[in-house]
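The values are calculated or read from the model by the stated rules, or taken from the named source; none is laboratory data. Given the structure is predicted, the values throughout are model-derived calculations rather than measurements. When we count neighbours, we look across all protein chains shown, and the Cβ atoms used for this are built from the backbone with ideal geometry, even at glycine. We work out accessible area using only protein heavy atoms, side chains counted, and drop any ligands, DNA or RNA first. Shrake-Rupley method; radii C 1.70, N 1.55, O 1.52, S 1.80 Å.
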Amino acid sequence: MSDYHHPKGWEPDPNKMGNWRELFESNRRPGGGTAPPPQGQPSGGASGLQHEPDEAEAGPTIDPAQYRPWQLQRGRSRPAMMLDLRRFEERSGLWVGWQVSYPHLIAVEYIGDTMLSLDFGVRQFMIEGEGLIELARHLQSGSVLALHEYAASVWPNGHAGPWIRSIRRLGLPEGGPQMGL
């Protein structure tokens, strides 16, 4: 019975678990932070996994040196949850955009290689440009992360290949449906 109550309480075997207290006491070390892991051991805590943000988590980026009408997901570790549509507002000098849930994409309709519409239920988008059949193929596979409308002030070198002339939101006004009519 005297073994039941230890002044320190129960502790795991340090030979099997290593110095597990250091994970919780990092603020007590001089200079803060945690010590680097011993050689040959992965960093990142007890699980051994380290979280590094990838391109999809950081969000779609725009390269001012080269115009790309759409950004594709590289590596299919997990599906894209949101589709980002962006257009450049010349008057304000700011990007205007929408992020819509990929699983709510009901239909993609296209006319030739120059018009494509995306139906998300209440929100519909009309995309005009050239080379949009390739975009429709990528949308079907769910690998498109972002669409970028071409803006000459952002990409003064022009564009080669497929391009998006305009992205327009169709349907109800920005305020949504009016209630109580």
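A few remarks follow.
- Residues 138, 104, ordered by accessible area of protein heavy atoms at a 1.4 angstrom probe radius and largest first, appear as 104, 138.
- The local environment of residue 113, defined by Cβ-Cβ distances under 14 Å, has a net charge of -2 under the rule Lys, Arg +1 and Asp, Glu -1.
- Annotation: residue 95 carries an accessible surface of approximately 90 Å², with a 1.4 Å probe and no ligand, DNA or RNA atoms counted.
- Residue 119 accessible area, assembled protein chains, probe 1.4 Å, Å²: 40 Å²
- Extension gain for residue 157 to residue 140 (0.36 nm times residue separation, less C-alpha to C-alpha distance): 3.1 nm.
- Approximating the spin labels as points 7 Å out from Cα along Cα→Cβ, the residue 62-to-residue 10 distance works out to 5.7 nm.
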